[in-house]
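Undergrad: Before I ask anything, here is the structure I am working with.
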Amino acid sequence: MSLDAGGCSTGGPDPALPTPRGHGVPPHNGGYVGIPYRGRRDFMNGVALDNEVSRQELAHFLRTRRESLSPADVDLPNGPRRRTPGLRREEVAALAGLSLTWYTLLEQGRNVSPSFKVLDSLAGALNLAEHEREYIHQLVHSRTFPQRLERRHAPTETALQQVADSLSPNPAYVVNKLGDILGWNEAAAEWYTDFGRMPEARRNLLWWLFTAPEARVRLADWRRDARDQVGRLRAVSAGFPGRSSVSEMVEDLKQVSCDFRTLWDEYRVLNTEPQFRRLRHPRRGTVPMRLVILADGMHPSLEVVYHLPQLSGH
């Protein structure tokens, strides 16, 4: 198995990883191996654990954003030689109008509860985009009001499948916030993969991206697309602290993919704005496509992702 410059496998999960007894899924032609989901559950209780998890996520996010900024980014003089990258804690604290002690407690994941005003001040000090500001608010507020993740809704899935079918001959698939592929048309199977051949528990866009060698062939900009999907998953994860479907999926992907671990540790947050994707077809070549999201107003966690081919020069 070949490795990239970062020591990560370029062709899927490490075969040396053990498959727990009683949980293994045999590999098939799609190249899926490793550890399946351990039963997706979304808890509405467990506030103490939720506090700890969300505090640590907030701490890591603040630190990575602070370290990514230079003094020039926030109109500060460079000053004397810096021993660490990015801004100093005291600089962020001053920009946000906080005491150094208070900000340090936040970066240490201590048991403090920042107000709406404090979070907005931090967002301004760290030059956060709007969806990143929403992310830190969600991390804090989900401690008290965790969301309920709707993964399936049969009537809506049936209706969205009909929508996907009507969009042929362009690719379209039905997906939820976790990336589970719930439906697709023939064009999607032709441009991506035969989703019907995947085990249902692994019929997921992220699992395909990180465990199927085919994904790196079909997606002309695999690393960019993978980073985008991880960023979207991180944005979703803010609403589900503690043990949940999201956290279980993250832990399982960490076990089977070095690339996923690397991208997850970037703490990049991405919103769900329409994006572009370049797909590579064995006979039609590489085609850039605009991804258009169609959602049901009553069940917004379920979406149709429609691919609109882009003409040259558009």
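The values are calculated or read from the model by the stated rules, or taken from the named source; none is laboratory data. A quick note: this is a predicted structure, and the numbers were derived from the prediction, not measured. Cβ coordinates were reconstructed from backbone atoms using ideal geometry, including for glycine residues, and neighbour counts include every protein chain displayed. Accessible surface is based on the protein model in full, side chains and every heavy atom, while ligands, DNA and RNA are left aside. Shrake-Rupley method; radii C 1.70, N 1.55, O 1.52, S 1.80 Å.
Undergrad: Filter segment 75-111 down to the residues that are at pLDDT 85 or above, on the phi < 0 side of the Ramachandran plot and part of a loop (DSSP other than H, G, I, E, B) and list them by number.
TA: Leu76, Leu87, Arg88, Leu98, Ser99, Gln108, Arg110, Asn111
Undergrad: Anything in segment 270-281 that is surrounded by fewer than 18 Cβ atoms within 10 Å (Cβ to Cβ) and modelled with pLDDT of 90 or more? List them, or say none.
TA: Phe276, Arg278, Arg280, His281
Undergrad: Looking only at segment 275-297, count how many residues are in contact with a Phe, Trp or Tyr (Cβ under 8 Å, 6 or more places away or on another chain) and not hydrophobic (A, V, I, L, M, F, W, C).
TA: Result for segment 275-297: 3.
Undergrad: Wholly within segment 187-254, which helices (runs of 4 or more DSSP H) include no fewer than the required count, namely at least 3 residues that are farther than 21 Å from His307 by Cα?
TA: 222-237
Undergrad: Applying the selection to segment 238-264, what residues are more than 16 Å from Trp207 (Cβ to Cβ) and small (Gly, Ala, Ser)?
TA: Ala238, Gly239, Gly242, Ser244 - these are the residues of segment 238-264 that are more than 16 Å from Trp207 (Cβ to Cβ) and small (Gly, Ala, Ser).
Undergrad: Could you pull out the residue among Tyr306, Tyr267 that is at positive phi and buried (at least 17 other Cβ atoms within 10 Å of the Cβ)?
TA: Tyr267
Undergrad: May I pose another question? Please work out which residue is most open to solvent (accessible area, probe 1.4 Å), limiting yourself to segment 158-186 and to residues that are assigned to a loop (DSSP other than H, G, I, E, B) and over 24 Å from Ser257 (Cβ atoms).
TA: Pro169
Undergrad: Pull up segment 112-134, narrow it to residues that are in a loop (DSSP other than H, G, I, E, B) and surrounded by 15 or more Cβ atoms within 10 Å (Cβ to Cβ), then point me to the one that is nearest to the chain's Cα centre (by Cα).
TA: It comes out as Leu128.
Undergrad: Given the options Arg277, Arg290, name the one that is touching a helix residue (DSSP H, G or I) at 6+ places or on another chain (Cβ under 7 Å), under 16 Å from Ala172 (Cα atoms), outside any helix (DSSP H, G or I) and not aromatic (Phe, Trp, Tyr).
TA: Answer to the check: Arg277.
Undergrad: With the condition kept exactly as written, say whether any residue in segment 60-72 is closer than 16 Å to Ala238 by Cβ, open to solvent by less than 10 Å² (accessible area, probe 1.4 Å) and modelled with pLDDT of 95 or more.
TA: yes
Undergrad: Could you check, for segment 221-242, whether at least one of its residues is open to solvent by less than 40 Å² (accessible area, probe 1.4 Å) and among the hydroxyl-bearing types (Ser, Thr, Tyr)?
TA: Yes, some residue in segment 221-242 is open to solvent by less than 40 Å² (accessible area, probe 1.4 Å) and among the hydroxyl-bearing types (Ser, Thr, Tyr).
Undergrad: Restricting to segment 90-141, name every residue that is under 14 Å from Arg63 (Cα atoms) and touching a Ser or Thr at 6+ places or on another chain (Cβ under 7 Å).
TA: Selection gives Ala93 alone.
Undergrad: Of the conditions (1) over 17 Å from Trp184 (Cβ atoms); (2) modelled with pLDDT of 95 or more, Gly285 clears all except one; give me its number.
TA: Answer for Gly285: the failing condition is (2).
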